[in-house]
Amino acid sequence: MKSYQLKRVAAKKVLKREKHPGLFGGRYRFSPYMACSHRCIYCDGRFEKYRVQGDFDRDVVVRTNVPELLQEEMPGLREPGPVCISSGVSDPYQPAEEELQLTRRSLEVLSRFNHPVVIHTKSDLVLRDLDLLRKIAEKTAATVMVSLTMTDDEVRSILEPGASSVEDRLGIIRECRSLGIHAGILAMPFV
């Protein structure tokens, strides 16, 4: 049984240019989803809502045309720099991605443009797309940053009930590195 429901919308624009790209992101950023069904109890999105109507953990907004818009916007990029598939309050590999594959389809677009990619996730569903990430890494650069806020999986199951286990997340890093994909840990918030 799904722990979320989808609200499908068409985006007008996808890529957001970061004025001051940080250590963890890229020059550009986007997310196919708004809200997140990982249900992390510390997520500020649950309290701030960030323009999400309804229950932040359950009512996931799906930006259905992200891959198509990305295809249109990529040729217009004027500054080099990685594209980060993430948002502070939405995981590109949350459960809806398994069905909808918007992140995968976006990676296909980025791969055609030979553009570096950074992904932030706490889901082992990213392993499904290692073929594309490896292809990108061979031509430019691909980085997977795994959010790991604690090392006790019992605590994780309470604080992040919809996210992958600690061991599975460490497995993401091992697998990525074995394939030549940069990988590391986002230890924030640290619990």
Tell me yes or no: at least one residue of the range 109-131 is at pLDDT 95 or above, among the hydrophobic types (A, V, I, L, M, F, W, C), under 20 Å from V61 (Cα atoms) and open to solvent by 20 Å² or more (accessible area, probe 1.4 Å). yes
In the range 150-167, which residues are in contact with a helix residue (DSSP H, G or I) (Cβ under 7 Å, 6 or more places away or on another chain) and β-branched (V, I, T)? T151, V166
Screening V14, V9 for residues that are over 25 Å from A183 (Cβ atoms) and modelled with pLDDT of 80 or more leaves only V9
Residues of the range 138-164 being open to solvent by 20 Å² or more (accessible area, probe 1.4 Å), in contact (Cβ under 8 Å) with a residue 40 or more places away in the chain and not charged (D, E, K, R), in sequence order, are A141, T143, M145, I158, L159, P161, G162
Single residue of the range 155-191 satisfying the filter (within 18 Å of the chain's Cα centre (by Cα) and of a type in the set (S, T, N, Q)) that is farthest from S87 (Cα to Cα): S165
Any chance the range 60-70 includes a residue that's touching a helix residue (DSSP H, G or I) at 6+ places or on another chain (Cβ under 8 Å), open to solvent by less than 20 Å² (accessible area, probe 1.4 Å) and outside any helix (DSSP H, G or I)? yes
Identify all residues within the range 122-181 that are hydroxyl-bearing (S, T, Y), assigned to a loop (DSSP other than H, G, I, E, B) and farther than 21 Å from G25 by Cα; write none if there are none. T151, S164, S165
Within the range 71-95, of all residues that are more than 24 Å from H20 (Cβ to Cβ) and not in a loop (DSSP other than H, G, I, E, B), the one most open to solvent (accessible area, probe 1.4 Å) is E72
Within the range 168-191, is even one residue hydroxyl-bearing (S, T, Y), open to solvent by 60 Å² or more (accessible area, probe 1.4 Å) and in contact with a helix residue (DSSP H, G or I) (Cβ under 7 Å, 6 or more places away or on another chain)? no
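A quick yes/no check of all residues on (1) open to solvent by less than 60 Å² (accessible area, probe 1.4 Å); (2) at pLDDT below 75; (3) of a type outside the set (G, A, S):
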| position | (1), (2), (3) |
| --- | --- |
| K19 | no, no, yes |
| F24 | no, yes, yes |
| Y28 | yes, no, yes |
| Y33 | yes, no, yes |
| H38 | yes, no, yes |
| I41 | no, no, yes |
| R46 | no, yes, yes |
| K49 | no, yes, yes |
| D57 | yes, yes, yes |
With criteria (1) touching a residue at least 40 places away in the same chain (Cβ under 8 Å); (2) open to solvent by 20 Å² or more (accessible area, probe 1.4 Å), E98 comes up short on (1)
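The values are calculated or read from the model by the stated rules, or taken from the named source; none is laboratory data. Keep in mind it's a predicted model, so treat the numbers as computed, not measured. A quick note on method: Cβ atoms are made from the backbone with ideal geometry, for glycine too, and the neighbour counts reach across all protein chains shown. Heads up: the accessible areas ignore ligands, DNA and RNA and are worked out on the full protein's heavy atoms, side chains in. Shrake-Rupley method; radii C 1.70, N 1.55, O 1.52, S 1.80 Å.
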